[in-house]
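Trainee: Please read through the structure below; I'll follow up with questions.
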Amino acid sequence: MAKKSAHVHSIRDVLKVHPDGVDLAKIDPAATPVGPTSKSEAEKDLAAMAEELDQLQENLYAEGIGGGRRRVLVVLQGMDTSGKGGTIRHVAGLVNPQGLHIVSFKKPTRAELSHDFLWRIRRQVPGPGMIGFFDRSHYEDVLVPRVDKLVPPAAWRARYQQINDFEAELAEAGTTIVKCFLHISPERQKERLVARLETPEKLWKYNPNDLVVRAKWSQYQQAYSDLLTQCSPESAPWYAVPSDRKWYRNWVVAQLLLQTLRDLKPTYPEPDYDPAAELSRLIEADPLR
């Protein structure tokens, strides 16, 4: 491992967005401020994490089956091509899919719009023992309505506190939230959009509306800066993840998840029966013997 990787314990301190404000223009999307400095090193480290992640996830799942209420929710936000889906594939792919709840939030349907903006989010909160991944989230409702002027400013500004209250409610119910803003540069986004258009196997990923959104880059950056500042309490802080390098992005999110699970220290539940007695029943009184 490279020298910086020895300081992996500080990753949350290095990338955490503090409530006093954030200037995305001052954060280098191609930086590797802590951890591996090469793709090969990151992939090797990611593979090394898999066993521990898998074990901790199994412990959490078993804990939930046994009546525990704790769960983890990873929220991924970022501009188009920032790699939300790719992050889920590489990070969630390290654990048993049985313990995962993955949701990709699209443009709200007419039915969803007839409810409060948090209605569809509440329906997808992972259950006890689960690890949830949100590809986009409730934060879309303080981004798109603001940039596209779909509601008055007072309406989307009020949603900051509504979101903070909602996340505090989740935390009280046993949910640990890991919020990752996948920060990419406009230059890298252009490269990835070009690749989609030049690669037949990637054409399905492209949407002509991507260019409409790209034209509003500065407005979205300001909107992100504000929401990262307004909605980053100590109980559920945002992490600004440099995402120009896919391998670094994947490593960071995996590390954040791993450290979160280590903090939770999930354990197998105690059985509500006598294992020795049941073993004796099986061996001595097996009805199929």
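The values are calculated or read from the model by the stated rules, or taken from the named source; none is laboratory data. These figures come from a predicted structure and were not determined experimentally. With ideal geometry, Cβ positions are generated from the backbone for all residues, glycine too; neighbour counts draw on all protein chains shown. Side chains are part of the model used for accessible areas, which takes the heavy atoms of the whole protein and leaves out ligands, DNA and RNA. Shrake-Rupley method; radii C 1.70, N 1.55, O 1.52, S 1.80 Å.
Trainee: Looking only at helices (runs of 4 or more DSSP H) that lie completely in region 197-280, which have at least 3 residues being of a type in the set (Ser, Thr, Tyr) and in contact with a Gly (Cβ under 9 Å, 6 or more places away or on another chain)?
Mentor: Working: elements: 209-214, 217-230, 246-264.
Result: 217-230.
Trainee: Which count do you get for residues in region 233-289 that are within 30 Å of the chain's Cα centre (by Cα) and either on the phi > 0 side of the Ramachandran plot or of a type in the set (Lys, Arg) (or both)?
Mentor: 5
Trainee: Which residue pairs have Cβ atoms closer than 9 Å, lie 6 or more positions apart in sequence or on different chains, and pair a first residue in region 141-153 that is at positive phi with a second residue that is surrounded by fewer than 18 Cβ atoms within 10 Å (Cβ to Cβ)?
Mentor: The qualifying pairs do not exist here.
Trainee: List pairs: first residue in region 171-198 and under 16 Å from Ser225 (Cα atoms), second residue acidic (Asp, Glu) and open to solvent by less than 40 Å² (accessible area, probe 1.4 Å) anywhere in the structure, Cβ distance under 9 angstrom, at least six positions apart or on different chains.
Mentor: Within 9 Å, the pairs are Lys179/Glu167; His183/Asp244; Ile184/Asp244; Ser185/Asp244.
Trainee: Here's another thing I want to ask about it. Search region 57-89 for residues being over 19 Å from Tyr248 (Cα atoms) and buried (at least 22 other Cβ atoms within 10 Å of the Cβ), and hand back the single one that is nearest to the chain's Cα centre (by Cα). Can you show your working first?
Mentor: Step one: of region 57-89, the residues over 19 Å from Tyr248 (Cα atoms) are 57-73.
Pick out the ones that are also buried (at least 22 other Cβ atoms within 10 Å of the Cβ) and you get 57, 60-61, 71-73.
Values: Gln57: 15, Leu60: 17, Tyr61: 18, Arg71: 13, Val72: 9, Leu73: 7 Å.
Only one residue fits best here, namely Leu73.
Trainee: Kindly check whether there is at least one residue in region 4-17 that is basic (Lys, Arg), in contact (Cβ under 8 Å) with a residue 60 or more places away in the chain and open to solvent by 30 Å² or more (accessible area, probe 1.4 Å). Quick ask: steps written out before the conclusion?
Mentor: Filtering region 4-17 for residues basic (Lys, Arg) gives 4, 12, 16.
Those left that are additionally in contact (Cβ under 8 Å) with a residue 60 or more places away in the chain: 12, 16.
Cutting the leftovers down to open to solvent by 30 Å² or more (accessible area, probe 1.4 Å) gives us 12, 16.
Yes: one or more hits.
Trainee: I'm checking my understanding of the structure. Among residues of region 107-148 that are open to solvent by 10 Å² or more (accessible area, probe 1.4 Å) and hydroxyl-bearing (Ser, Thr, Tyr), which one is nearest to the chain's Cα centre (by Cα)?
Mentor: The residue in question is Thr109.
Trainee: Report yes if some residue within region 251-258 is aromatic (Phe, Trp, Tyr), modelled with pLDDT of 95 or more, surrounded by 13 or more Cβ atoms within 10 Å (Cβ to Cβ) and closer than 28 Å to Arg159 by Cα; otherwise report no.
Mentor: So in region 251-258, the residues aromatic (Phe, Trp, Tyr) come out as 251.
Restricting the remaining residues to those that are modelled with pLDDT of 95 or more gives 251.
Add one more test, that the residue is surrounded by 13 or more Cβ atoms within 10 Å (Cβ to Cβ), and what stays is 251.
This time we only want the ones that are closer than 28 Å to Arg159 by Cα, so: none.
Taking every residue of region 251-258 in turn, none turns out to be aromatic (Phe, Trp, Tyr), modelled with pLDDT of 95 or more, surrounded by 13 or more Cβ atoms within 10 Å (Cβ to Cβ) and closer than 28 Å to Arg159 by Cα.
Trainee: Related question: Name the residue, out of Pro275, Pro242, Pro271, that is open to solvent by less than 10 Å² (accessible area, probe 1.4 Å) and of a type outside the set (D, E, K, R). Let's see the steps before the verdict.
Mentor: Working: Pro275 fails: open to solvent by less than 10 Å² (accessible area, probe 1.4 Å); Pro271 fails: open to solvent by less than 10 Å² (accessible area, probe 1.4 Å).
So the residue among Pro275, Pro242, Pro271 that is open to solvent by less than 10 Å² (accessible area, probe 1.4 Å) and of a type outside the set (D, E, K, R) is Pro242.
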